[in-house]
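Below is one structure, written out as structure tokens; comments come after it.
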Amino acid sequence: MTDDQTHIREDSEKHMSAAPTLRAETPVSELPKDAKRPVPEGGAIFADETASEHTHADGSEQEKGNVDVLVVDWDGPDDPANPKNWTFKRKWVVTAIVSCFTFISPVSSSMMAPASETIAAQFHVTSPVITAMMTSMFVLGYAFGPLFLGPLSEIYGRSRVLQLSNLWYAAWNLGCGFAQDKNQLIVFRLMAGLGGSAPLSIGGGVIGDCWRTEERGKAIALYSLAPLLGPSLGPLIGAWITQRTTWRWIFWSTTLFDVLVQVLGLVFLQETYAPTILERKANQIRKNMDLEKSQYRDVRTVFDGEHRKWQNILRKSLIRPLRFFIYEPIIQLLGLYMAFVYGLMYLYLNTIPSVYGGVYHQSTGIAGLHYLAFGIGLTGASQINARFMDKIYIYFRNKNGGKGRPEYRLPGMVPGSILLPIGLLISGWTARASIHWIAPDIGMALVAAGMILSFQCIQNYVIDAFTLHAASALAAVAFLRSVCGFGFPLFAPSMYKALGFGKGDTILAVVGVVFGCPAPFFFWKYGERIRQASRYAS
């Protein structure tokens with residue numbers, strides 16, 4: 001991928017409305033016969049898709065002579081229907097709603113962790129692996145759900161797929177509260193995780209749809225905080241529910257909260273995906289068109305090609321995340337590092353009860369309060385990063401002659417990759433009865449701060465690099481990280497039992513130093529070269 005293509009991707013919202021516009025409200029008979037629009041470069045579009053799914057900017061042979069085809073685009077650079085031109089208030093409402101969807105699902109992923117032993121006793125489960133699996137099976141759904149939900153949002157729109165997936169999650173999460181044995185609970189958790197995974201990929205696409213590159217940092221800071229803050233607050237609430245009432249209220253209470261979020265989504269969440277909005281605009285023109293009198297035989301959007309069929313689009317969209325994962329080296333590398341961070345988070349969340357219950361002999365409810373340390377680290381680092389992320393990006397863009405690069409999102413990873421192993425060492429070696437419990441809490445807060453800094457930077461990088469197909473790109477990144485989020489808690493009990501918390505966390509810290517500390521410098525220096533080696537990026 002050349003420098004120019006990188007710049008085009010960054011400023012795609014400007015190119016989408018650079019040419020003279022065709023207004024949907026203009027009578028078809030009054031529109032020029034040679035109406036044509038250039039296709040925007042909205043991100044990494046695969047080479048074999050370009051010919052069939054997009055009108056070419058240079059008027060290629062495929063489009064020449066199609067004077068009876070009306071191509072619909074935005075009504076100028078300031079079209080209020082374009083989500084990039086929405087008011088900040090409107091954008092923040094959509095961002096907040098999506099963040100709520102992204103928050104409630106991860107809450108469910110870890111909320112039953114403090115109750116796992118209670119549930120295991122009731123269902124006569126003796127294996128620690130099966131006990132951990134009842135909690136982490138939800139995260140396995142996170143791995144596979146985005147692979148088809150993200151692409152579906154690029155066909156049928158973000159809002160529709162997001163809300164239908166949320167209803168699926170709510171139904172199965174409610175069913176978890178009525179499970180009668182371990183098998184039912186495991187299956188119900190997996191199905192709930194499939195639906196709950198939608199915001200993790202689609203939400204990033206919504207952010208990319210609404211916010212311009214230089215504005216996106218604060219929105220991503222809020223959005224990316226939710227999937228990490230949710231798992232840290234969920235067990236705190238779940239611990240007190242388990243201590244005061246039945247564990248089944250863990251699922252019933254999250255379902256009730258999700259219903260509230262769903263109502264807010266139905267009222268305030270608007271469609272943001274440009275191809276879907278323009279397709280609705282084109283449908284309105286078709287509806288009002290008199291085929292007998294019109295000089296046009298077809299109406300398409302700027303994203304449509306002459307041979308565009310929904311079967312082809314569906315097939316290509318569903319395999320797109322897999323192709324990202326296989327053929328995009330930058331996705332593979334970012335996915336590996338995020339997998340370590342995400343797996344580490346769920347390992348931590350599932351071992352907190354054993355630290356404060358087993359070492360400090362605290363009750364379930366009191367032990368759950370220590371999840372606040374994790375939440376404080378996440379929130380504090382996220383807010384600091386939100387204040388500087390866009391400023392850093394703009395600084396390096398101006399220094400580079402006004403040409404931005406996704407790599408300008410990476411500086412925040414530097415302190416993040418340092419705080420993570422330091423926090424691991426502190427929390428591991430201070431988790432002993434002779435040392436006050438505040439010491440491992442400080443370590444946990446530093447671990448959480450390192451996680452959120454790296455998480456936010458990687459999320460921003462992926463959205464900047466693959467704007468139009470951000471949902472599919474995030475789905476590819478999310479696959480490996482969710483597999484690790486599922487697998488890490490399964491071996492954690494055996495590792496800590498054999499090595500203890502000090503040595504166990506030291507091993508994880510060494511991995512963090514070896515792979516984490518060089519990561520931001522590696523991507524800063526070689527990221528653009530790796531993206532240029534992409535097999536399918538245009």
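When you scan region 255-288, how many residues do you find that are more than 19 Å from the chain's Cα centre (by Cα) and within 29 Å of LYS89 (Cβ to Cβ)?
So in region 255-288, the residues more than 19 Å from the chain's Cα centre (by Cα) come out as 255-257, 259-260, 263-264, 266-268, 275-288.
From what's left, within 29 Å of LYS89 (Cβ to Cβ): 256-257, 259-260, 263-264, 266-268, 275-284.
Number of matching residues: 19.
If a residue has to be over 28 Å from the mean Cα position of the chain (by Cα) and in contact (Cβ under 8 Å) with a residue 60 or more places away in the chain to count, how many in region 419-436 make the cut?
So the answer is 7.
Please give the number of the condition ARG387 fails out of (1) at pLDDT 85 or above; (2) open to solvent by 60 Å² or more (accessible area, probe 1.4 Å).
Here ARG387 meets the rest and fails (1).
Taking the condition among the hydroxyl-bearing types (Ser, Thr, Tyr) and open to solvent by less than 10 Å² (accessible area, probe 1.4 Å), does TYR371 pass?
Details: among the hydroxyl-bearing types (Ser, Thr, Tyr): yes; open to solvent by less than 10 Å² (accessible area, probe 1.4 Å): yes.
When the stated conditions are applied, TYR371 passes them.
Of (1) in a helix (DSSP H, G or I); (2) surrounded by fewer than 20 Cβ atoms within 10 Å (Cβ to Cβ); (3) modelled with pLDDT of 85 or more; (4) touching a helix residue (DSSP H, G or I) at 6+ places or on another chain (Cβ under 7 Å), PHE501 satisfies all except one. Which?
Going through the list (1) in a helix (DSSP H, G or I); (2) surrounded by fewer than 20 Cβ atoms within 10 Å (Cβ to Cβ); (3) modelled with pLDDT of 85 or more; (4) touching a helix residue (DSSP H, G or I) at 6+ places or on another chain (Cβ under 7 Å), PHE501 breaks only (2).
Can you tell me which condition VAL510 does not meet? The list is (1) open to solvent by less than 70 Å² (accessible area, probe 1.4 Å); (2) at pLDDT 90 or above, and all the others hold.
(1)
If you scan region 420-441, which residues turn out to be of a type in the set (Phe, Trp, Tyr) and under 9 Å from GLY502 (Cβ atoms)? Lay out the reasoning, then the answer.
First, pick out the residues of region 420-441 that are of a type in the set (Phe, Trp, Tyr): 429, 437.
Answer for region 420-441, where residues must be of a type in the set (Phe, Trp, Tyr) and under 9 Å from GLY502 (Cβ atoms): just TRP429.
Checking the condition out of contact with any Ser or Thr (no Cβ under 9 Å at 6 or more places or on another chain) and open to solvent by 10 Å² or more (accessible area, probe 1.4 Å), which residue from ARG212, ARG216 passes? Give the steps one after another, and end with the answer.
Working: ARG216 fails: open to solvent by 10 Å² or more (accessible area, probe 1.4 Å).
Going through ARG212, ARG216 in turn, just one is out of contact with any Ser or Thr (no Cβ under 9 Å at 6 or more places or on another chain) and open to solvent by 10 Å² or more (accessible area, probe 1.4 Å): ARG212.
Mind listing whichever residues of region 374-423 are touching a Cys at 6+ places or on another chain (Cβ under 7 Å) and aliphatic (A, V, I, L, M)?
Listed by number, the residues that qualify are LEU410, MET413, ILE418.
Hey, can you tell me all the residues within region 103-130 that are open to solvent by less than 10 Å² (accessible area, probe 1.4 Å) and over 24 Å from the mean Cα position of the chain (by Cα)?
Residues satisfying the conditions are ALA115, ILE119, ALA120.
Just to be sure, is LEU318 more than 30 Å from TRP524 (Cα to Cα), part of a helix (DSSP H, G or I) and either modelled with pLDDT under 85 or not hydrophobic (A, V, I, L, M, F, W, C) (or both)? So that I can check it myself, show each step before the final result.
Numbers: more than 30 Å from TRP524 (Cα to Cα): yes; part of a helix (DSSP H, G or I): yes; either modelled with pLDDT under 85 or not hydrophobic (A, V, I, L, M, F, W, C) (or both): yes.
Spelling it out, LEU318 is indeed more than 30 Å from TRP524 (Cα to Cα), part of a helix (DSSP H, G or I) and either modelled with pLDDT under 85 or not hydrophobic (A, V, I, L, M, F, W, C) (or both).
Just one of the numbered conditions (1) outside any helix (DSSP H, G or I); (2) buried (at least 18 other Cβ atoms within 10 Å of the Cβ) is not true of THR246; which one?
(2)
How about region 94-198: which helices (runs of 4 or more DSSP H) wholly inside it have at least 3 residues that are within 14 Å of THR255 (Cβ to Cβ) and at pLDDT 90 or above? Steps first, please.
Numbers: elements: 116-122, 128-156, 158-176, 182-196.
Where helices (runs of 4 or more DSSP H) fall fully within region 94-198 and carry at least 3 residues being within 14 Å of THR255 (Cβ to Cβ) and at pLDDT 90 or above, they are 158-176, 182-196.
Which of the residues spanning region 423-458 are in contact with a Leu (Cβ under 7 Å, 6 or more places away or on another chain) and of a type in the set (Val, Ile, Thr)?
ILE426, VAL447, ILE452, ILE458
Here are PRO415, PRO440, PRO489: which of them is more than 26 Å from GLY141 (Cβ to Cβ), in contact (Cβ under 8 Å) with a residue 24 or more places away in the chain, open to solvent by less than 30 Å² (accessible area, probe 1.4 Å) and assigned by the TED database to the domain that holds THR351? I'd like the intermediate steps shown before the answer.
On the way: PRO415 fails: open to solvent by less than 30 Å² (accessible area, probe 1.4 Å); PRO489 fails: more than 26 Å from GLY141 (Cβ to Cβ).
One residue alone meets the criteria, PRO440.
Of the conditions (1) at positive phi; (2) in contact with a helix residue (DSSP H, G or I) (Cβ under 8 Å, 6 or more places away or on another chain), GLY402 satisfies every one except a single condition; which number is it?
It fails just one condition, (2).
One residue is enough: does region 119-126 have a residue meeting the conditions touching a Ser or Thr at 6+ places or on another chain (Cβ under 7 Å), hydroxyl-bearing (Ser, Thr, Tyr) and farther than 29 Å from ARG212 by Cβ?
Just the residues of region 119-126 that are touching a Ser or Thr at 6+ places or on another chain (Cβ under 7 Å), to begin with: 120, 125.
Still in the list and also hydroxyl-bearing (Ser, Thr, Tyr): none.
Taking every residue of region 119-126 in turn, none turns out to be touching a Ser or Thr at 6+ places or on another chain (Cβ under 7 Å), hydroxyl-bearing (Ser, Thr, Tyr) and farther than 29 Å from ARG212 by Cβ.
Look at ILE285 and say whether it is among the aliphatic types (A, V, I, L, M) and in contact with a Gly (Cβ under 6 Å, 6 or more places away or on another chain). So that I can check it myself, show each step before the final result.
Working: among the aliphatic types (A, V, I, L, M): yes; in contact with a Gly (Cβ under 6 Å, 6 or more places away or on another chain): no.
Criteria not met by ILE285.
The values are calculated or read from the model by the stated rules, or taken from the named source; none is laboratory data. All values derive from a computational prediction rather than experimental measurement. Quick reminder, even Gly has a Cβ in these numbers, built from the backbone with ideal geometry, and neighbours come from all protein chains shown. Surface accessibility is based on the protein's heavy atoms, side chains included, excluding ligands, DNA and RNA. Shrake-Rupley method; radii C 1.70, N 1.55, O 1.52, S 1.80 Å.
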